[in-house]
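Since the structure comes first, as structure tokens, the remarks are kept for the end.
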Amino acid sequence: MYLVTRLTMVGILFGLVALDLAWLLRPRPAPFPATAIPLTRSDAPHLYALVDRIGEELRAPRADLIAISGAVNASFRTYGWRRSRLVEIGYPLWLILTPQERVALLAHEMAHSRNGDARHGLVVGSALYSLHEFRIVTGFGWQPGDGVSALITQCLLAILGVPVRVLIFLMELLLNRFSQHAEYRADEMQAQVAGSAAAASLLDVLITRTQPVGGFLASSAVAVGTGNLWTALRSHVNAVAETELERHREFARVEKTGADTTHPPTYLRMQRVLALPYLAPMVSAASSEQIEAELDKAAGRVARRLREDAQSARYR
């Protein structure tokens, strides 16, 4: 504002640039994930009851909202200025789990709400989100035919984005080690709630079966298929040979811990979980049929969205 009020050509130019940068880097909360479908408490009362029970055992804050998506994953995050707590369940992963493994999955994510991951905090989380937005804006997007002036502009933006990329790298490097310890802590808490056997079994699924799920969802069968997507997915995963599953386990055994990763090697996590003394679960997989019925309608919407996205990518 000072530069603009100087009323000189250079002052106004650099002042407007500074104001634009301030707007791009302004503190902002993470939005609700665009690809997720929210479920209210009236939509899924049994699922919310299970999550609330798990949260009580963990002494974790109550989840404000549950959503499902087409991700082969699950996550806990906060969104919006109110810092609403969201548990996102990737339905493709949920589909291939046993009822008690699902309890372990939900317990792991609710444990993260108690751990207080700095990535989801108001200060650090907002800073990371703003920096990532600025990195997108300063990305080099010039294409042949855009002209010389566009090339110069894109080069200047890319140069301007270099310090931002360095800062993001340094912040991620500092946070990754904390995140790895948080994963171990969440594993222990999930084993306490769901039992060590279910926690270890869940980790084995992450090692062996999530890759076939991802391969199926990336295949042309999603775009051209006309049957029930979830039935086809379950059949595809059940048809994977045991030798292929063992190959994935062997690969996991030699995985190394990296300073640039947020999760420790899954095989090491499994070994730690199996060594824990939590044999009997504190929360059992009750009301699984009712929960499946509650998710059925939203799961159909997720399947349609995945097919539409696959068809768009196929004919783009």
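The values are calculated or read from the model by the stated rules, or taken from the named source; none is laboratory data. All figures in this text were calculated on a predicted structure; none of them were measured in a lab. Note that we place each Cβ from the backbone using ideal geometry, even for glycine, and neighbour counts take in every protein chain shown. Surface accessibility is based on the protein's heavy atoms, side chains included, excluding ligands, DNA and RNA. Shrake-Rupley method; radii C 1.70, N 1.55, O 1.52, S 1.80 Å.
Identify all residues within segment 21-47 that are without any contact (Cβ under 8 Å) to a residue 60 or more places away in the chain and farther than 23 Å from Gly125 by Cβ; write none if there are none.
Residues satisfying the conditions are Thr40, Arg41, Ser42.
Quick check on segment 258-271. Is at least one of its residues within 21 Å of Ala74 (Cα to Cα), surrounded by 15 or more Cβ atoms within 10 Å (Cβ to Cβ), in contact with a helix residue (DSSP H, G or I) (Cβ under 8 Å, 6 or more places away or on another chain) and among the acidic types (Asp, Glu)?
no
Condition first: of a type outside the set (A, V, I, L, M), without any contact (Cβ under 8 Å) to a residue 24 or more places away in the chain and closer than 24 Å to Pro45 by Cβ. Can you find one or more residues in segment 67-85 that meet it?
So far as segment 67-85 goes, yes, one or more of its residues are of a type outside the set (A, V, I, L, M), without any contact (Cβ under 8 Å) to a residue 24 or more places away in the chain and closer than 24 Å to Pro45 by Cβ.
Any chance segment 149-156 includes a residue that's open to solvent by less than 10 Å² (accessible area, probe 1.4 Å), at pLDDT 80 or above and β-branched (Val, Ile, Thr)?
no
Restricting attention to segment 80-94, which residues are over 13 Å from the mean Cα position of the chain (by Cα), open to solvent by 10 Å² or more (accessible area, probe 1.4 Å) and at negative phi?
Quick first cut of segment 80-94, residues over 13 Å from the mean Cα position of the chain (by Cα) only: 80-85, 92, 94.
Filter again for open to solvent by 10 Å² or more (accessible area, probe 1.4 Å), leaving 80-85.
The answer is Trp81, Arg82, Ser84, Arg85.
Has segment 40-48 got any residue that is hydrophobic (A, V, I, L, M, F, W, C), within 22 Å of Ala111 (Cβ to Cβ) and surrounded by fewer than 17 Cβ atoms within 10 Å (Cβ to Cβ)?
Going residue by residue through segment 40-48, those that are hydrophobic (A, V, I, L, M, F, W, C) are 44, 47.
Retained after the next criterion (residues that are within 22 Å of Ala111 (Cβ to Cβ)): 44, 47.
Keeping just the survivors that are surrounded by fewer than 17 Cβ atoms within 10 Å (Cβ to Cβ) gives none.
No, the conditions are met nowhere in segment 40-48.
All but one of (1) at pLDDT below 85; (2) within 22 Å of the chain's Cα centre (by Cα); (3) open to solvent by less than 90 Å² (accessible area, probe 1.4 Å) hold for Ala286; state the number of the condition that does not hold.
Against the list (1) at pLDDT below 85; (2) within 22 Å of the chain's Cα centre (by Cα); (3) open to solvent by less than 90 Å² (accessible area, probe 1.4 Å), Ala286 comes up short only on (2).
So the check is Cβ under 9 Å with 6+ separation or different chains; which pairs have a first residue in segment 231-254 that's closer than 25 Å to Gly300 by Cβ and basic (Lys, Arg) and a second one that's open to solvent by less than 60 Å² (accessible area, probe 1.4 Å) and assigned to a helix (DSSP H, G or I)?
Final answer for the pair search is Arg234/Leu95.
Only one of Ala63, Ala71, Ala107, Ala111 is open to solvent by 10 Å² or more (accessible area, probe 1.4 Å) and aliphatic (A, V, I, L, M). Can you tell me which? Let's see the steps before the verdict.
On the way: Ala63 fails: open to solvent by 10 Å² or more (accessible area, probe 1.4 Å); Ala107 fails: open to solvent by 10 Å² or more (accessible area, probe 1.4 Å); Ala111 fails: open to solvent by 10 Å² or more (accessible area, probe 1.4 Å).
After ruling out the rest, the residue left standing is Ala71.
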